[in-house]
Amino acid sequence: MAGRWQRLDKGQLIKWTVYSLLIVNWGYYFFEELYISSHVLRQGGTFLEWTEEFATTIDNFAWFGLLFMFELETYVLDESMEKKSVRWSVHGMRLVCYLFLAHTVYARVNSMVDVLVVDPSPGINSLCQLADQEISFGENYRYEIITGKNCTALSDDTEFYMLEPSVVTDSAGFELEKKHVYFDFQDAIMWLLVVWAIELAVWLQNRNITGGPLMVVSHAARAGYVVLFAHAVFWVWAGHWVWAWDQFLWIAGFWAIEHNVSEWREEIIEEKEELTA
């Protein structure tokens, strides 16, 4: 057993453990968004409104696709990528994933715009006015249907905002909702910048380029990881520990790809030095 453990590639074990944990989180997000949509879209909605409510589930599906396509190109396939059919298949799948991620950006922008244009609801100064009407009080992505028994306990505010036809929140909930939609939008954009930096590095190394201004740009853009960690801190502050944990796992997953790219770069440099010698 000791001999087997010594022969085991520890880096690969950690990498695939991270990938497995991300799949578990994906299941968690699906059921969480199912719960949220049961309140937000209780009165029905269009196809796009439903896809917006499941934006994280769809988003994770696309990120899994990107992660595994990068894993294939930077670690698994190696020389097979020289074949046009293999290369175009991998790149084609990545393009499909980016189309799904474009939907995520659309959903985040839409959510942000929808929240920012909401005004206080006139004539509503107590939740008890909405009791037993199949309307939920929502705050920090937690929802409870308003009834005559709980209306006074949910909030004692006198100013309320209708986030959806079936969801209302108070002033504190509305301020937190604005923070959430802003961070969600910023997170979607920052992840795209980080993955495009990896794309640039892979594109350069496919052409045996290991330095120069574009490679510097690809390294500089990865400073976005700092911003992504800041988003995780915000979610911890907001009480969403699973979201922060998921952020950490995704960063670890793409750091594994970064490690693949670095090893690949070292191989290219060694080959160049051998040719020069």
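The values are calculated or read from the model by the stated rules, or taken from the named source; none is laboratory data. Every value quoted in this text rests on a predicted model; they were computed, and no experiment measured them. In this analysis, Cβ positions are derived from the backbone assuming ideal geometry, glycine residues included, and neighbour counts consider all displayed protein chains.
Quick one: how many residues across the stretch 186-210 are touching a helix residue (DSSP H, G or I) at 6+ places or on another chain (Cβ under 9 Å), closer than 21 Å to Glu270 by Cβ, surrounded by fewer than 18 Cβ atoms within 10 Å (Cβ to Cβ) and free of Cβ contacts under 8 Å to residues at least 40 places away in the same chain?
Count: 2.
Residues that are assigned to a helix (DSSP H, G or I) and over 24 Å from Leu22 (Cβ atoms): does the stretch 223-237 have at least one?
Initially, the stretch 223-237 is screened for residues assigned to a helix (DSSP H, G or I), giving 223-237.
If we keep only those that are over 24 Å from Leu22 (Cβ atoms) too, we end up with none.
Scanning the stretch 223-237 turns up no residue that is assigned to a helix (DSSP H, G or I) and over 24 Å from Leu22 (Cβ atoms).
Does Leu95 meet the test of being out of contact with any Lys or Arg (no Cβ under 6 Å at 6 or more places or on another chain), without any contact (Cβ under 8 Å) to a residue 60 or more places away in the chain and closer than 17 Å to His39 by Cα?
no
Filter the stretch 115-142 for residues that are under 19 Å from Ser38 (Cα atoms) and without any contact (Cβ under 8 Å) to a residue 40 or more places away in the chain; which is surrounded by the fewest Cβ atoms within 10 Å (Cβ to Cβ)?
Of everything passing the filter in the stretch 115-142, Gln133 is surrounded by the fewest Cβ atoms within 10 Å (Cβ to Cβ).
Mind checking which helices (runs of 4 or more DSSP H) fall wholly inside the stretch 1-100 and carry at least 2 residues that are β-branched (Val, Ile, Thr), at pLDDT 80 or above and closer than 30 Å to Ser136 by Cβ?
Numbers: elements: 2-7, 10-40, 47-53, 55-71.
The helices (runs of 4 or more DSSP H) meeting that bar are 10-40, 55-71.
Being in contact with a Phe, Trp or Tyr (Cβ under 9 Å, 6 or more places away or on another chain) and within 16 Å of Ile23 (Cβ to Cβ) is the filter here; which residues of the stretch 250-276 pass it?
Trp250, Gly253, Phe254, Ala256, listed by residue number.
Is it true that Gly45 is buried (at least 16 other Cβ atoms within 10 Å of the Cβ) and without any contact (Cβ under 8 Å) to a residue 24 or more places away in the chain?
Answer is yes for this residue.
Taking Val181 as the residue in question, decide whether it is surrounded by fewer than 20 Cβ atoms within 10 Å (Cβ to Cβ) and either out of contact with any helix residue (DSSP H, G or I) (no Cβ under 7 Å at 6 or more places or on another chain) or at pLDDT below 90 (or both).
Numbers: surrounded by fewer than 20 Cβ atoms within 10 Å (Cβ to Cβ): yes; either out of contact with any helix residue (DSSP H, G or I) (no Cβ under 7 Å at 6 or more places or on another chain) or at pLDDT below 90 (or both): no.
So Val181 fails the test.
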